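For reference, the structure is listed below as structure tokens.
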Amino acid sequence: FKMYRRDFIKNFTYFSSSLCLIHLLNKRVFAQEALKILTINIAKVTKTWDEMSVESDVPISFYEKKGSAAELIEIFSKGDGIELYDAITDNGGNQEDIFFKNKLIETLDISNIKNWKQIIPEYGKNKEYSDSIRNEEGDIVGVPYLSNTDSLAYNKTKIGEDINTWEALFDSQFKGYSSIQNSLGPTFTITAIYLKQSNKQDIKNPSNMTKDEIKGVCEFLIKMKKRGQFKKIWESFNEGVELLANGEVLVSSCWEPMSIFAQTKGTDIKYGVMKEGHLSWNNIWMFTKGGKKRGQQKNFYKLMDLYLSPWFGIRLLDKYGFTPQMIGMKNYINDLENLDVVKKQILTERLVDKQKRISIKGNSWQNLYPKEILTYKDWWQKFLAA
């Protein structure tokens, strides 16, 4: 699947540059070998990776990861990924199982991560997100650093009311003012969630559909496309933001940061809570076999502590709107003296809305490797060509 989620990073820092400089000067100079990380820029919530390095007290060598799940697998299965990288992040949806089965990553000793006790309860054994960080034997192989439930962004000022259903994406009143993502995984899944929960199509699992279910979902999308429902099938993060910000599109399936960035352009864009459910996903850190061989355990676990800290969580929430992976964020926000009342209210409301989305039964977990992946690809090409 195309994963444009990774491609939109713009530099940002939460604190002033002067405060960061003081912080840098107060930290020790690194001497040990750097932890070589292969990841996306979203994993950096400061202006530079050097600042992330200082905050974690870990020397870091950053290598940018592409959005292709297949490419990441190939780097390790056919390339020299084991020799090149100590720690990597996934593309979501069962990738940790593939890496573990191919003996590319290590099981983790969470006793080395002091902040693990602060992790959100959804990752507990047999809980909603449990399998996303464990192998088939139940051993922990991943550390989550962000998650979210993708929803629908809408222009409240022009529409005049809040929206709580995916029906709006396909409603004739928004014909020519609707937009969806040019990626088969998210688009097929959110459409399947809508068709299933509204009893318009019999679908057992929206994230792992049968051939007939895929056919039904795609035929529905083709019908919508041919009648002119979609103004644009957006390709990139920036394109999706502009469509919302300039009013060309009134409703769009998208990632939450797109609605946040569109808001900064002066548009009243909201990110809804859909009654039918949402596309849920997370990103995790994994420790490679090569990293262990090179003795990078201490650096890896120290970096993981940073990713499970409120320091990281509040910056993640503020910058991208993604879900922090630690408990106690509301209290942490309220206790921060350098946050004004308006900012505290915005961040707290985001947390409340996230909890509402998480609680909806129709949510479906992202799956990079559905059983009928070739059928998915074939029908997606038919949709694009329609």
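The values are calculated or read from the model by the stated rules, or taken from the named source; none is laboratory data. Since the model is a prediction, treat every value here as computed from it, not as a measurement. When we count neighbours, we look across all protein chains shown, and the Cβ atoms used for this are built from the backbone with ideal geometry, even at glycine. For the accessible areas, the whole protein counts, side chains as well, though only heavy atoms, and no ligand, DNA or RNA atoms are used. Shrake-Rupley method; radii C 1.70, N 1.55, O 1.52, S 1.80 Å.
Given the residues D162, D150, which is the only one that is out of contact with any Leu (no Cβ under 9 Å at 6 or more places or on another chain), charged (D, E, K, R), outside any helix (DSSP H, G or I) and under 14 Å from S259 (Cβ atoms)?
Exactly one residue qualifies, and that residue is D162.
Could you please let me know if I133 is hydrophobic (A, V, I, L, M, F, W, C) and surrounded by 21 or more Cβ atoms within 10 Å (Cβ to Cβ)?
When the stated conditions are applied, I133 passes them.
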- Message: Going through I333, I327, I346, I360 one at a time, which residue ends up being β-branched (V, I, T), touching a residue at least 60 places away in the same chain (Cβ under 8 Å) and more than 22 Å from Y194 (Cβ to Cβ)?
- Response: I327
- Task: Mind telling me which of the residues K117, K125, K103 ends up being over 30 Å from K232 (Cβ atoms), basic (K, R) and either open to solvent by less than 20 Å² (accessible area, probe 1.4 Å) or touching a helix residue (DSSP H, G or I) at 6+ places or on another chain (Cβ under 8 Å) (or both)?
- Result: K103
- Task: Looking only at the stretch 104-120, decide whether some residue is assigned to a loop (DSSP other than H, G, I, E, B) and under 29 Å from D353 (Cβ atoms).
- Result: yes
- When the stretch 312-359 is checked residue by residue, the ones that are touching a Phe, Trp or Tyr at 6+ places or on another chain (Cβ under 8 Å), closer than 16 Å to Y271 by Cβ and of a type in the set (D, E, K, R) are D318, K319, D353
- What about W379, is it on the phi < 0 side of the Ramachandran plot, touching a Ser or Thr at 6+ places or on another chain (Cβ under 9 Å) and of a type in the set (F, W, Y)? no
- Query: Take the residues of the stretch 302-335 that are assigned to a helix (DSSP H, G or I) and touching a strand residue (DSSP E or B) at 6+ places or on another chain (Cβ under 7 Å): which is most open to solvent (accessible area, probe 1.4 Å)?
  - Reply: P310
- Query: Restricting the search to the stretch 47-62, which residues are open to solvent by 50 Å² or more (accessible area, probe 1.4 Å) and hydroxyl-bearing (S, T, Y)?
  - Reply: T48
- How many of the residues making up the stretch 120-140 are more than 17 Å from W281 (Cβ to Cβ) and of a type in the set (V, I, T)? 1
- Item | Filtered residues of the stretch 156-185 (kept if among the polar types (S, T, N, Q) and open to solvent by less than 20 Å² (accessible area, probe 1.4 Å)) | S178, S179, Q181, N182, S183
